[in-house]
Amino acid sequence: MKGSFTVYYEDPFWVGVFEEDDADGAYRCCRVVFGNEPTGPELFEFIRKQYAFLSFDSILQEEKRVEKRINPKRLARQTIRQMEETPHLNKAYEVIQKGYEERKSERKKEAKIKREEEQDLKFLLRSEKRKKKHKGH
C-alpha cells in the first residue's frame, strides 16, 4: 500500500488530505480540516490517535500501474520538489466530492421516507379522531 499525507493552507483553515493506493487497485482519500497551523508533533499525534477513526472515500482504479524501484536519491529529490510546489489534489477532491454527493443523496432518501411516515401517521390520527367524533364519544 502506498500513501501520502498533504497539509496545505486553504483560506481560512489548514487542511490535510490522506491518500492511499492499495495493491488491488483501490484509491482511497480523506480530507481533514485543522483550525490553526498544525505543528509536526501535533500532526504525528493526530495520525497516531485518529487515523483509525477517519472515514475514507474510495474508488476502484481502472488500471494498475507497475511500480518500479526508485533510486533513494531520486526519491528524495522528488519529495523535495513535491514539498516546494503547491499540491495537485484533483483526484482526491473528485473522490471526496463523490462521497459527499452519495451521502447527500442517502440523507435525502432517508428524510423523504421519514417525512412520508410522519404524514401517514398524521393521517391515521386524523381519521381515528374523525371516527371518534362521528361515534359521539
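Taken together, the values in this text are just the output of simple stated rules run on the coordinates, not laboratory data. Keep in mind the model is a prediction, meaning the values are calculated, not measured. Heads up, the Cβs are rebuilt from the backbone with ideal geometry, glycines too, and the neighbour counts pull from every protein chain shown.
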Estimated vicinal HN-Hα couplings, Hz - segment 4-20 in sequence order (Karplus 6.51, -1.76, 1.60; Gly, Pro = x): 8, 9, 10, 10, 8, 9, 10, 2, x, 10, 8, 10, x, 10, 8, 10, 9
Between 0 and 90°, nearest 10: helix 90-135 axis offset from the chain longest Cα axis: 10 degrees
Nearest 10 degrees, 0 to 90: what angle lies between the long axis of helix 40-50 and the longest principal axis of the chain (Cα atoms)? 40 degrees
Inter-probe distance in nm under a simple model that places probes 7 Å from Cα toward Cβ, at ALA26 and LYS49: 2.8 nm
Per the chain, sqrt(5λ) over the Cα gyration tensor eigenvalues, sorted largest first, in Å, gives 51, 19, 12
Along the charge dipole of the chain, Cβ charges K/R +1 and D/E -1, which of GLY40, VAL17, SER127 sits furthest on the positive end? SER127
PHE5-GLU84 FRET efficiency (beta carbon distance; Förster radius 25 Å; 0.05 resolution): 0.90
Two-site label geometry, LYS135 and GLU42: point separation in nm, points 7 Å out along Cα→Cβ: 6.6 nm
Using Cα atoms only, what is the angle between the long axis of helix 72-84 and the major principal axis of the chain, expressed in degrees (0 to 90) to the nearest 10? 50 degrees
Find how many whole Å separate the alpha carbon centroid of segment 110-137 from the alpha carbon centroid of segment 2-33. 49 Å
